[in-house]
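Here's the structure we're looking at; comments come further down.
Just so it is clear, none of the values below were taken in a lab; they were calculated from the coordinates. This one's a predicted model, so the numbers in the text were calculated from it and none came from an experiment. Glycine also receives a Cβ, built like all others from the backbone with ideal geometry; neighbour counts cover every protein chain displayed.
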Amino acid sequence: MRTRFYVLVGYCMVMLISACNKEIQPVVPENGNSSKANFYSSSDVLALYNMGGIGLFVDVPVVKRSGMIPFLNLSSSPQKLEYPTVYSSVPAIVYTSFRDGAHQFRFNYMVPDTATTMEGILPNRMLIDSAVTLNRGAQALFYLADKPLTAEEQEPAFQLLRVQLNGASQTDTSMVALYILHQAPDAGPLRCRSVSRDGSLNEAKVPGILTYGQATDIILFNTKEASNGLLGLRFYDAVTGQELINTAVPANGGHGYVLAVQGFKNTHQFKVPVGINQDKTINYSTRTVTANLRTGLRQLW
Amino acid sequence: MKYSIIHQLTGLLLGSCLLSSCYKTDNFKNTLDTLPQVSYQTGYSYRASYTVGDTMTITGRLQPNNGLKIKIGQEDAVIVVADSLHFRPFTGDSANIPMDWVKVLITDNMGSGANIPVTITSGGHTINAASINIYGRYGEGSFKKGLSLAVHADVTSPYNVFLHCVNGKGDLYFYEVTTGNLQHIKKDGTTETLLTNEQLTGGLYHIKTFTAGGVNPQGTKAWVSVQTDTSFIFAEADLAAKTVKVLNHTHTYTAPYSGEIGQVNVKVKAIYPDSKGNVFVVTPGLLWGQEKDYGAVAKYNSADGMLSYQFRTGMSPAELPGVDMSDPENPYTPVLPLILPDESVMYVPGYNKLMLYDLQSRAMIKTVKIQGEQTGILPNSYTGALSGVRINFNSYLGNNSAPETGFGFLPRPGRKLIFLLYQYLDGKPLGMGSGNMAPLVGGPKWMAFDFTEDRTYQYAPTADLSGFAFEPFDAPGKPRSIFSDQLLNYDEEGHLYATADGRKKIVKTILK
């Protein structure tokens, strides 16, 4: 009898203690075995194409475009250079999910199957065949960028570059987050400087040397460092010290951006596919890519 | 047995603890009940920003008859209405909680700017509620009195071309088609001939069409773009020495586009000189084989004679370098960027929006969207935070604007654009029958966009147009002019200079 009473008191105590414990530990849902990716073509050469497209075959053999694969349409106007996209007036990046771990990404140039259309259907040339490891629960931005060229008037080559986001998708409203990616094929190594509020150049936060293909980790700027609503950045030729790019990031606190140094420093000639014959052979034409070294800014959040 | 006593004592002790904690909780609940509370739930919460003159509605457990005091900034707010309503937290919920509902007036003395504190005192308890932003109806350079219009100077022809010069000194420059002279209307309204047709051409070319021009803010140099019978000419005129120098001669618009000014091919459609010898020019675009007026922005540096492209669009020739400034929502609509080069700012108009770029770094500063009012509602919240204002532009801002709802868009230092709102507001899209609804919303009114503070404010409380109209616009019984009027310049007093009545008159604002 008494034992039962104590058991009852015991239960009450347990309940009491648990009720007093206001610190409720939220259960973090499992991220699942997935990771997120976004694909974007920043190539100045592909911008000259008006035929075909880029098909991305993930872990599957390269076959005819089924309509289900990620596809960048170069024949449409304007070109569709990002996957995935949604119609939205809010500038933000959308991701597609993959199982985390190792994957095989095959980027293929797709050509039309008849001479009357321009839409890419059939695989023509493997541009990139790359083994990629996706981190669990993390987001990665993949850039299809121009590769440093070896000679003029060749068929263009491309490289898959990656910006790995380190998970944090939010910053304090007083901070601006920034990732910098170097994808300018002929600009060489770059020296970066940020512009302080008094106009002086600062090297504390930005990388001293950034080589082609290299992306920085997250860089945080305080909006107090902004002048005229902008956080200034300068990029110099690491060898000659010549100023190549004068750019800036808007000082919108709480937001994150990825800044890509892109475009060619000098004018180059490329052999670009322009049409397809009845026998499925491709016609090429020499096209000029103008020197257009610049930065492209995409808003992450 | 020994143990059982200990157990009993333990039980008793724990029980008393339990009771005392219940007592404390009960006491705390009583305190909570008397504490004022504000509901921040959607549909009940108050707004994040207000304009002076607005009524702010606070909902919550406020107990108006228990010594309620609301302090906004350093000022005790005047309670104009207090009532109670039945709050239903969720649709379908049967709970029926009575809530208090209090309206206060926002006044000038509460302060202006962001994060103005709201303090609520009731039943002797004081809480800090969410802070608000207060925007004054006026801003820097605003007139406190209404403005009307007066004829400033007479012009001979609506085909005259005005040269771009926003220097804040009231200077107006134009190419007079009837004489071929370059004329200057001074601030006092007198007109002088700056360059005769012979001086303007220097005998080097014959003007068939005068496309565009720009004068530097000092008024010492002008750059002009003209079309002759065979070619396109970009020339620099020295207004003091009265000499002219042809910088570029283009027969066909092909590559090379950038480089030494004499060596490139260029067509100039708009000219924005700064005070340091840089000239920003707008060049054409090409779309499906057709030339479009505006497609890229280049910089001509008069010190080294180089033309370099700064911004391009999807309509630019493929070889043209630059940062893409296309509007992702309407990539193939040619728009004339509004440039104030000395401030390093460029406004790219869009449909009900503007994109702001920094000229030096070529970085986009921000995109500003202006919401329209919902169907059937008169737009009346057009002063305040840009995120909250509702203006029925229903068109592009800037050169493609519909002047009946928004006219002018004159850039001013401090990232401001001055415009005339609601010359004519058609009632039909509002579901109110046709006719001019502008007087119902206080229109027409001179307004300013302030992109530093991200708000709009009134430039003058009223705008009396009295017989003048800024064309082109349609209204029942009113023919539409084919000539677009322009807001041209302002002066030290803040008065505005514009063409009116389809470029038949030059008008100036005067205090009413």
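What is the fewest-to-most order of B:50, B:40 by other Cβ atoms lying within 10 Å of their Cβ?
Ordered by Cβ neighbours within 10 Å, fewest first: B:40, B:50.
Going 7 Å from the Cα of residue B:114 toward and past its Cβ, which residues in region B:382-404 have a backbone nitrogen under 17 Å from where you end up?
B:384-389
So, with +1 on the Cβ of K and R and -1 on the Cβ of D and E, and no other charges, what is the size of the charge dipole of region B:178-235 about its Cα centre, to the nearest 20 debye?
Value, rounded to 20: 160 debye.
Give me a single rounded figure for B:362-370: the average over its residues of other chain Cβ atoms within 10 Å of their Cβ.
5
What list do you get for A:301, B:288, B:101 if you sort them by fewest beta carbons within 10 Å?
Lowest count first: B:288, A:301, B:101.
If you wrap region B:158-246's Cα atoms in a convex hull and average its projection over all directions, what's the area in nm²?
Mean orientational projected area (region B:158-246, Cα hull): 5.4 nm².
Restricting to Cα pairs below 8 Å that are 6+ residues apart, what does the relative contact order work out to for region B:196-350? Please round to a whole percent.
14 percent
Given B:369/B:478; B:186/B:505; A:80/B:353; A:271/B:269, which pairs have Cα atoms separated by over 22 Å?
B:369/B:478; A:80/B:353; A:271/B:269
Roughly what angle does helix A:2-20 make with the longest principal axis of chain A, taking Cα atoms, 0 to 90 degrees, to the nearest 10?
40 degrees
Among B:313, B:253, A:210, whose Cα lies farthest out toward the positive end of the dipole of the protein assembly as shown, if unit charges sit on the beta carbon of Lys, Arg (+1) and Asp, Glu (-1)?
The residue sitting farthest along the positive end of the dipole is A:210.
Tell me, what is a quarter of the convex hull surface for the C-alpha atoms of region B:434-512, in nm² with one decimal?
Projected over every direction and averaged, the Cα hull of region B:434-512 covers 6.6 nm².
So if each residue of separation counts as 0.36 nm, and I subtract the Cα-Cα distance between residue B:193 and residue B:229, what length gain in nm does that give?
My answer for the length gained is 10.4 nm.
Per-residue Cβ counts within 10 Å, from other chains only, averaged over A:287-296: what number is that?
Taking all residues of A:287-296 together, the mean is 5.
Using the crude model of +1 on Lys and Arg Cβ and -1 on Asp and Glu Cβ, and no other charge, please compute the dipole size for chain A relative to its Cα centre, in debye to 20.
800 debye
Between the alpha-carbon centers of region A:245-298 and region B:432-510, tell me the distance in whole angstrom.
When both Cα centres are located, 43 Å separates them.
Quick check on the protein assembly as shown: what does the Kirkwood estimate of hydrodynamic radius come out to from the alpha carbon pairs, in Å?
31.2 Å
In peptide A:219-231, what is the residue-averaged number of other protein chain Cβ atoms found within 10 Å of each Cβ?
Counting Cβ atoms of other protein chains within 10 Å of each residue's Cβ and averaging gives 2.
For the pair residue B:65/residue B:510, report the inter-label distance in nm, with labels modelled 7 Å from Cα in the Cβ direction.
The two pseudo-label positions are separated by 6.0 nm.
Assuming 0.36 nm per residue, please report the length gained on full extension of the stretch residue B:474 to residue B:434 beyond their Cα-Cα distance.
Fully extending the segment from residue B:474 to residue B:434 adds 13.2 nm.
Roughly how big is region B:37-135's charge dipole about its Cα centre, with Cβ charges of +1 (Lys, Arg) and -1 (Asp, Glu), in debye to the nearest 20?
Magnitude of the dipole: close to 160 debye.
Per-residue counts of other Cβ atoms within 10 Å, averaged by peptide: what ranking do you get for B:150-162, B:248-260, highest first?
So the peptides B:150-162, B:248-260, ranked by packing, come out B:150-162, B:248-260.
Residue farthest toward the positive end of the dipole of region A:31-299, with Cβ of Lys/Arg at +1 and Asp/Glu at -1: which of A:290, A:233, A:249?
Looking along the dipole axis, the top candidate is A:249.
So what is the relative contact order of chain B, in percent, for Cα pairs below 8 Å that sit 6 or more residues apart?
11 percent
Rank these for me by crowding, A:146, A:172, going from fewest to most other beta carbons within 10 Å.
A:172, A:146
Give the average over all directions of the projected area of the C-alpha convex hull of region B:196-350, one decimal, in nm².
Orientation-averaged projected area of the Cα hull: 9.0 nm².
Report the semi-axes of the equivalent ellipsoid for chain B in whole Å, largest first, where each axis is √(5λ) for an eigenvalue λ of the Cα gyration tensor.
60, 27, 20
Show me, for region B:351-363, the HN-Hα J-couplings you get by feeding each phi into the Karplus relation (A = 6.51, B = -1.76, C = 1.60, θ = phi - 60°), rounded to Hz, glycine and proline as x.
Here the 3J(HN,Hα) series is 6, 6, 7, 9, 10, 9, 10, 8, 5, 5, 8, 6, 9 Hz.
Could you work out the relative contact order of region B:374-449? I mean the mean sequence separation of Cα pairs under 8 Å and 6+ apart, divided by the number of residues, in percent.
Rounded, it is 26 percent for region B:374-449.
Name the residue farthest towards the positive end of the dipole of chain B from the options B:142, B:401, B:433, assuming +1 on Cβ of Lys and Arg, -1 on Cβ of Asp and Glu, about the Cα centre.
The listed residue farthest towards the positive side: B:433.
To test your reading of the geometry: what angle, between 0 and 90 degrees and rounded to tens, separates the Cα axis of helix B:2-34 from the longest principal axis of chain B?
Approximately 50 degrees, to the nearest 10.
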